[in-house]
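Colleague: Below is one structure. I have some questions about it.
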Amino acid sequence: MSSEQIHVMSTAGAVELDLSVSHGAVNVTVDPTAVHGRIRVHTAATEGTVADAVNGTTFTEHGSRLTVSVPDDTDGAAGGSYSVMQVGGNVVSFNGGVINTGMTGVTISNGDIWVGGQRVVAGGRVVAEQGTAVGGAAGTITVDVILPANSSLAISTKNAETTVRGDLHAIRFEAHNGSLQAGGVRFLEAETHNGSVLLDAVEEELQASTHNGSVTIGAYSGRRGSASAHNGDVTITATPASSGRLAARTHNGTIRVRGASHLDLKTSTHRGRVW
């Protein structure tokens, strides 16, 4: 058993997808043979805050534009302060009376404890039968996306990893905790606090920044580019097709820019090195 929502675009061709999801994983595949975009939001949980978030997902179409909003599964105490910390490989988030332990699938909400999408403790009493097996993976929201060629993607998230397989027209990525890994794109605008930005290629414009993480561009052919990392490295390989100005900045990190002798290159670092 699981919870899921599936939406298939009614309009054929390239899609402008605007996706907001609080936690989990976003997997995007660009399929040149696809006629209609398709989005599947799912979790192995059948009840609890994560399942409620999946079931409450909204899809709004306006021509080729699709807005997908997955409710925040930590919103059980709306109006409370929100904070997050990293414990090992897990992101632990706090929002008022809700504690969501991210990928472990353990959520504490108003005294109730959910593990793997199943309520274990309710009202101070253990409600799961003795010997009941629960799994952490069930508490993870996954968004699987198939987009036709020349589509664009905008993602807003608190704690979600995003992977794009294939080339897109444009990507706009905003995350508090989460990395972006993608193939090629013409226009890139990416900002994350804790996470890295890794792209195979940028063809036109590059704007990427991270506080704790690295920025890596495999092949930069743009005409305007800026990449910065506070605690992390910036690595860019420029192609002969690139032109104009390229800026690379770090506070604590190494800057490596190759193939940029023909560009108006500006580099600066406080405690790092420029290679």
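Colleague: Need the full-extension length gain, His251 to Val8, defined as separation in residues times 0.36 nm minus the C-alpha distance. One decimal, nm.
Modeller: Between His251 and Val8, full extension yields 83.1 nm more.
Colleague: Per residue of segment 2-8, what does 6.51 cos²θ - 1.76 cosθ + 1.60 with θ = phi - 60° give for ³J(HN,Hα)? Whole Hz please, x for Gly and Pro, Karplus curve as stated.
Modeller: 3J(HN,Hα) across segment 2-8, in whole Hz: 7, 10, 7, 9, 10, 9, 10.
Colleague: Indicate the gyration tensor shape class of segment 1-73 (rounded, prolate or oblate), computed on the Cα atoms with a ≥ b ≥ c the square roots of the eigenvalues: a/c under 1.5 is rounded; otherwise a/b larger than b/c is prolate and the rest oblate.
Modeller: prolate
Colleague: Same structure again: Quote the FRET efficiency, to the nearest 0.05, computed for His36 versus His230 with a Förster distance R0 of 45 Å and r equal to the Cβ-Cβ distance.
Modeller: For R0 = 45 Å, the calculated efficiency reads 0.65.
Colleague: Can you give the FRET efficiency for Ser268 and Ser156, using 1/(1 + (r/R0)^6), R0 = 30 Å, r = Cβ-Cβ distance, to the nearest 0.05?
Modeller: 0.55
Colleague: In percent, how large is the relative contact order of segment 137-185, given Cα pairs closer than 8 Å and 6 or more residues apart?
Modeller: Relative contact order, segment 137-185: 36 percent.
Colleague: Which of rounded, prolate or oblate describes segment 197-275 when judged by the alpha-carbon gyration tensor and an a/c cut-off of 1.5?
Modeller: Judged from the Cα gyration tensor, segment 197-275 comes out prolate (a/c at least 1.5, a/b above b/c).
Colleague: When the Cα centres of segment 220-275 and segment 5-65 are compared, how far apart do they sit, in Å?
Modeller: 35 Å
Colleague: Could I ask something else about it? Tell me whether segment 141-275 comes out rounded, prolate or oblate; compute the Cα gyration tensor, take square roots of the eigenvalues as a ≥ b ≥ c, and use a/c under 1.5 as the rounded threshold. Please list the in-between numbers first.
Modeller: Values: a/c = 2.47, a/b = 1.27, b/c = 1.95.
In terms of gyration-tensor shape, oblate.
Colleague: Considering only the other residues whose Cβ falls under 15 Å of the Cβ of Pro32, what net charge follows from Lys and Arg at +1 and Asp and Glu at -1? Spell out each step's value before the answer.
Modeller: On the way: positive: Arg38, Arg165; negative: Asp31, Asp167.
Counting the neighbours of Pro32, the net charge comes to 0.
Colleague: Separate question: Residues of segment 1-37 with the amide nitrogen closer than 18 Å to a label point 7 Å from the Cα of Glu47, along Cα-to-Cβ, please.
Modeller: 1-4, by backbone N distance to the label point.
Colleague: For segment 123-275, report the accessible area per residue in Å² (1.4 Å probe, heavy atoms, rounded to an integer).
Modeller: Heavy-atom accessible area per residue stands at 47 Å².
Colleague: Short version: ³J(HN,Hα) in whole Hz for each residue of segment 232-245, in order, from phi by Karplus 6.51 cos²θ - 1.76 cosθ + 1.60 (θ = phi - 60°), x for Gly and Pro, what are they?
Modeller: With the stated coefficients, segment 232-245 comes to x, 9, 10, 10, 9, 10, 8, 9, x, 6, 6, 7, x, 9 Hz.
Colleague: Tell me, in nm to one decimal, what length is gained between Ser261 and Ser243 on full extension, where the rule is 0.36 nm per residue of separation less the Cα-Cα distance?
Modeller: Computed gain between Ser261 and Ser243 is 5.4 nm.
The values are calculated or read from the model by the stated rules, or taken from the named source; none is laboratory data. These numbers were taken from a predicted model, which means no experiment stands behind them. Heads up, the Cβs are rebuilt from the backbone with ideal geometry, glycines too, and the neighbour counts pull from every protein chain shown. All accessible areas refer to the heavy atoms of the entire protein, side chains included, with ligands and DNA or RNA removed. Shrake-Rupley method; radii C 1.70, N 1.55, O 1.52, S 1.80 Å.
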